[in-house]
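The structure appears below as structure tokens.
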Amino acid sequence: MTRTKINKSVQHTLCRSVTFTGKGVHSNLPVTMTLYPADAGTGIVFRRLTSGGYLDISACHSSVSETELCTIIGDPNGIFVATIEHLMAALRSFCVDNVRIEIDGAEAPVMDGSSIEFVKKIKEAGIIPQT
């Protein structure tokens, strides 16, 4: 992969949406997750889709509820998203500050067990600076 220099003094989001499908590593349940560009100042927000609607969960330290075996944000006894570490690492590697992540299951797809599939698709989607 060719490295692209990213200006870290401004915020960034994706140029276009990108979708991942797979199974959760702990649950083995199918999941679809789509990353959408978001406005400056939005942050990284997981939109957990359920039969009753959705709940937005900010990917910030105050949303972390569990860290044993995986990182869980939200309420582990209610609506949550688990196993977000590899996706978060990929977003950080591209300095993505703002993205809405719609997910239809309780766990991010494991893909190949690393961040590489996330990195490849995020790179294909492209990153744009925001003011």
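The values are calculated or read from the model by the stated rules, or taken from the named source; none is laboratory data. No experiment lies behind these values; they were computed from the predicted model shown. Positions of Cβ are backbone-derived with ideal geometry, glycine not excepted, and every protein chain shown enters the neighbour counts. The area values use the complete protein model at the heavy-atom level, side chains included, leaving out ligands, DNA and RNA. Shrake-Rupley method; radii C 1.70, N 1.55, O 1.52, S 1.80 Å.
Values computed for the structure shown
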{"quantity": "Region 56-70, subset of a type outside the set (S, T, N, Q) and more than 27 Å from Gly126 (Cα to Cα), residue surrounded by the most Cβ atoms within 10 Å (Cβ to Cβ)", "calculated": "Cys70"}
{"quantity": "Test: Lys23 is more than 30 Å from Pro129 (Cβ to Cβ), in contact (Cβ under 8 Å) with a residue 12 or more places away in the chain and either basic (Lys, Arg) or in contact with a helix residue (DSSP H, G or I) (Cβ under 6 Å, 6 or more places away or on another chain) (or both)", "calculated": "yes"}
{"quantity": "Only listed residue being modelled with pLDDT of 90 or more, among the hydrophobic types (A, V, I, L, M, F, W, C), surrounded by 17 or more Cβ atoms within 10 Å (Cβ to Cβ) and touching a helix residue (DSSP H, G or I) at 6+ places or on another chain (Cβ under 8 Å), chosen from Ile84, Ile103, Ile73, Ile127", "calculated": "Ile73"}
{"quantity": "Of residues in region 106-124 being open to solvent by 30 Å² or more (accessible area, probe 1.4 Å) and small (Gly, Ala, Ser), the one nearest to Tyr36 (Cα to Cα)", "calculated": "Ala106"}
{"quantity": "Sole exception among (1) assigned to a helix (DSSP H, G or I); (2) closer than 13 Å to Val81 by Cβ for Ser62, by number", "calculated": "(2)"}
{"quantity": "Any chance Leu49 is among the aliphatic types (A, V, I, L, M), in contact (Cβ under 8 Å) with a residue 40 or more places away in the chain, touching an Asp or Glu at 6+ places or on another chain (Cβ under 7 Å) and part of a strand (DSSP E or B)", "calculated": "yes"}
{"quantity": "Check on Ser51, more than 14 Å from the chain's Cα centre (by Cα), exposed (fewer than 12 other Cβ atoms within 10 Å of the Cβ) and of a type in the set (S, T, N, Q)", "calculated": "yes"}
{"quantity": "Qualifying position, being open to solvent by 30 Å² or more (accessible area, probe 1.4 Å), at pLDDT 90 or above and not in a strand (DSSP E or B), among Thr42, Thr19, Thr4, Thr32", "calculated": "Thr42"}
